[in-house]
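Input: a single structure, listed below in structure tokens.
The values are calculated or read from the model by the stated rules, or taken from the named source; none is laboratory data. All values derive from a computational prediction rather than experimental measurement. Cβ placement follows ideal geometry from the backbone for every residue including glycine, while neighbour counts extend to all protein chains displayed.
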Ligand code: GLN
């Protein structure tokens, strides 16, 4: 049984829960979802999902319970596999947990939200429905890109951390969530 922690302070949390359950079903793995609201909830999780939403609101909401500081420590110390989408990717970059730097709301107003076919390379090369909502943009090329919108990198994998500027949890394509579970299984 794998325990997947989902940071619950703000953002697209229930969509991620749905996707990770589907992913588990898909590969026949038993999982338990742990809702992460306070620091002690992070103890013993096998994987962490950092949803999109509003990164500033997440930081403010976390202050009283120190949830995020516990999450960052756990990732650093245990190398826990992480899937961070959009605001989640922003937080990972701001914390220096991924080397790739990121600019918030980088696609400007008129293009605040859009959908586009992107190219991914996680289990071979293929297309993926990219959903971008007030998306950030990676500023410097990563050594480990895994997703591209045209020529632009929109997803990176650094160690056990997958950071995406788009929202796989808003699609019926569960491959990034399957990646997360598979990475945990590889490590165990
Ligand atoms: N614009 C948001 C931020 O800066 C991120 C958008 C998202 O997560 N969909 O935090």
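Please find, among 65, 32, the residue that is assigned to a loop (DSSP other than H, G, I, E, B) and more than 13 Å from the ligand (Cβ to nearest atom). Before the answer, list the steps.
Values: 32 fails: assigned to a loop (DSSP other than H, G, I, E, B).
That would be 65, the only listed residue that is assigned to a loop (DSSP other than H, G, I, E, B) and more than 13 Å from the ligand (Cβ to nearest atom).
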Among the listed residues 80, 74, which satisfies the condition of being buried (at least 18 other Cβ atoms within 10 Å of the Cβ), in a helix (DSSP H, G or I) and more than 16 Å from the ligand (Cβ to nearest atom)? 74
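Within 16 Å of the chain's Cα centre (by Cα), more than 16 Å from the ligand (Cβ to nearest atom) and either crowded, with 22+ Cβ neighbours inside 10 Å or under 21 Å from residue 175 (Cα atoms) (or both): is that true of residue 27 in this structure? Quick ask: steps written out before the conclusion?
Details: within 16 Å of the chain's Cα centre (by Cα): no; more than 16 Å from the ligand (Cβ to nearest atom): yes; either crowded, with 22+ Cβ neighbours inside 10 Å or under 21 Å from residue 175 (Cα atoms) (or both): yes.
When the stated conditions are applied, residue 27 does not pass them.
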May I ask you to list pairs of residues, at least six apart or on different chains, whose Cβ atoms are under 9 Å apart, with the first in the stretch 1-25 being within 15 Å of residue 61 (Cα to Cα) and the second being assigned to a loop (DSSP other than H, G, I, E, B) and away from the ligand (no atom under 16 Å from the Cβ)? 7/37; 8/37; 9/37; 9/65
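Out of all the residues in the stretch 107-124, which are in a loop (DSSP other than H, G, I, E, B) and modelled with pLDDT of 90 or more? Reasoning before the result, please.
At the first step, the residues of the stretch 107-124 found to be in a loop (DSSP other than H, G, I, E, B) are 107-112, 122-124.
122, 124 - these are the residues of the stretch 107-124 that are in a loop (DSSP other than H, G, I, E, B) and modelled with pLDDT of 90 or more.
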Output the residue which, of all residues in the stretch 85-113 that are within 10 Å of the ligand (Cβ to nearest atom) and in contact (Cβ under 8 Å) with a residue 60 or more places away in the chain, is farthest from the chain's Cα centre (by Cα). 102
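Which of the residues belonging to the stretch 38-62 are part of a loop (DSSP other than H, G, I, E, B) and either within 12 Å of residue 6 (Cβ to Cβ) or within 12 Å of the ligand (Cβ to nearest atom) (or both)? Reasoning before the result, please.
Applying the first criterion (part of a loop (DSSP other than H, G, I, E, B)) to the stretch 38-62 yields 38, 43-46, 51-54.
45, 51, 52, 53, 54, listed by residue number.
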Give the stretch 37-47 a look and list any residue that's modelled with pLDDT of 95 or more and in contact with a helix residue (DSSP H, G or I) (Cβ under 6 Å, 6 or more places away or on another chain), or say none. 42, 46, 47
